[in-house]
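What follows is a single structure, written as structure tokens, with notes after it.
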Amino acid sequence: MSEIPGDLRFLKSHEWARVEGDGKITVGISDHAQGLLGDLVYVELPNVGDRVEAGNACAVVESVKAASDVYTPVTGKVVEVNNALSDKPETINEDAYGDGWIFVIEAEEPDQLNELLGPDDYAELLEEDDH
């Protein structure tokens, strides 16, 4: 199992959220999720300026095996997207918690992060899934 960064929060659907110093929230999919999907071939990004609701799909990642929705962990406005993924979606496979980020949100309700799983709880969820 891959290392789970301690500064992240997770949805049960395997998205991660990192609170940045400016209060914005960077979102991506976990290393576990990219591993299940396999080689990614396409990423459909949300639009900058879109208002997204916590728990709703707002992006799509496609692999040779399947397409999977990416859900937003908090409600807010998309302020940045990782356009590099359009040309190189496999960046998510190579660096899920770093350069493979998908979008950044300006959260309306940062308290929603408290409802997400911490790294230890997420690791526990993955162990349960493996059994």
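Coordinate-derived values only; no laboratory data. Predicted model, so just to flag it, every value in this text is computed and none were measured. Counting neighbours? That spans all protein chains shown, and the Cβs are built from the backbone with ideal geometry, glycine included.
Counting only residues that are within 10 Å of the chain's Cα centre (by Cα) and under 13 Å from Glu44 (Cβ atoms), region 70-91 holds 1 of them.
Select, from Asp130, Asp121, the only residue that is surrounded by fewer than 19 Cβ atoms within 10 Å (Cβ to Cβ), without any contact (Cβ under 8 Å) to a residue 40 or more places away in the chain and not hydrophobic (A, V, I, L, M, F, W, C). Residue meeting the stated conditions: Asp130. Search region 21-45 for residues being under 19 Å from Asp87 (Cβ atoms) and among the charged types (D, E, K, R), and hand back the single one that is farthest from the chain's Cα centre (by Cα). For region 21-45, the residue satisfying everything is Asp39.
Give the residues of region 9-20 that are within 22 Å of Asn83 (Cα to Cα) and either part of a strand (DSSP E or B) or touching a Phe, Trp or Tyr at 6+ places or on another chain (Cβ under 9 Å) (or both), sorted by residue number.
The initial filter retains those residues of region 9-20 that are within 22 Å of Asn83 (Cα to Cα), namely 14-20.
Hits for region 9-20 are His14, Glu15, Trp16, Ala17, Arg18, Val19.
Look at (1) free of Cβ contacts under 8 Å to residues at least 60 places away in the same chain; (2) touching a His at 6+ places or on another chain (Cβ under 8 Å) and you find that His32 fails only one, number (1).
For region 56-97, a residue qualifies if it is in a loop (DSSP other than H, G, I, E, B) and in contact (Cβ under 8 Å) with a residue 40 or more places away in the chain, and the qualifying residues are Thr72, Pro73, Val74, Pro89, Glu90, Ala96, Tyr97. Taking region 46-89 as the range and being touching a helix residue (DSSP H, G or I) at 6+ places or on another chain (Cβ under 7 Å) and of a type in the set (A, V, I, L, M, F, W, C) as the test, the residues that pass are Ala54, Val61, Ala66, Val74, Ala84, Leu85.
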